[in-house]
Amino acid sequence: MAGGVRARRKAERPGEILEAAFEEFVQNGYAATRLEDVAARVGVTKGTIYFYFENKEQLFVAMVRELSRPVHLQAEEFAALNSSTAPEFLRAYLCFLYRIIATDPRGREILRLLIAEASRFPELIDEHHQNFMGPVVRRLRQILDDGNAKGEIRHSSVLEFPELLLAPALSLNIWMLLFSDRRPIDLDRHFEIAVDLLLNGLLPRATPESNKP
């Protein structure tokens, strides 16, 4: 019985270390984080950290990869999303991004760490694009092109840069990172205004002829 408990604890240890590392990196930043502080937070020796992770750099990489996994899976689900019209899909897309931002503070902090350490860990930035941004942008481009071909979306420069449609969600993400609960924002209202902004910019514009009775 005791052996089974020890085996289970050993199997759980890497996850506990990654959780502790996340807290330390968020609180202190990469440069100021010490492995002994991570070990103390878990309640193990520094040597235990080295048993699972070669150094602080490897620990950071493993932490980002593991804790980003749920968001990457959601991106895959989003990429497979079907909708009858382009406007409906765009609303669903914004809802998807807002849900992540509103309900996943850990995801926001991971993004902040990635931005702060981009020059130190370019491979992680490339992975983030491959696993999250890339699938989202490709799906957006496909929907915009299809919507334009069907006359649901007018032809505009945004067809070249669907990344621009990420702007409302990214600005909200930055706001929440900076101000958290100190400057609360109405997420539902923000979402509806963002949808209105995007769709008014993308839907076909009425011509004088179309306004005639």
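The values are calculated or read from the model by the stated rules, or taken from the named source; none is laboratory data. Please read these numbers as outputs of a predicted model, since none were measured by experiment. As a convention, Cβ positions derive from the backbone with ideal geometry for all residues, glycine included, and neighbour counts pool all protein chains shown. To get the accessible areas, we keep the full protein, side chains included, count just its heavy atoms, and leave off ligands, DNA and RNA. Shrake-Rupley method; radii C 1.70, N 1.55, O 1.52, S 1.80 Å.
To the nearest ten degrees, helix 167-179 and the longest principal axis of the Cα atoms of the chain are 40 degrees apart. Normalised per residue, the accessible area of the stretch 56-202 is 55 Å², obtained with a 1.4 Å probe and no contribution from ligands, DNA or RNA. Converting phi to 3J(HN,Hα) with the Karplus coefficients 6.51, -1.76 and 1.60 and the offset θ = phi - 60°, the stretch 137-153 yields 5, 4, 5, 4, 4, 4, 5, 5, 5, 5, x, 5, 5, 8, x, 7, 10 Hz in sequence order, with x at every glycine or proline.
Cα centroids of the stretch 82-156 and the stretch 17-57: 31 Å apart.
Over the stretch 56-202, what is the relative contact order in whole percent, taking alpha-carbon pairs under 8 Å and six or more residues apart?
Details: 85 pairs, mean separation 47.5, N = 147.
32 percent.
A Förster distance of 35 Å, applied to the separation of the beta-carbon atoms of Thr103 and Asn28, puts the FRET efficiency at 0.85. Could you please state how large a percent of the accessible area of the chain is carbon and sulfur, counting protein chains only and using a 1.4 Å probe? For the chain, the apolar C and S fraction of the accessible surface comes to 55 percent.
If you model the chain as an ellipsoid using its alpha carbon gyration tensor, with each semi-axis the square root of five times an eigenvalue, the axes come out at 43, 17, 15 Å, biggest first. Once the C-beta distance of Asp146 and Ile193 is scaled by a Förster radius of 22 Å, the resulting FRET efficiency is 0.30 to the nearest 0.05.
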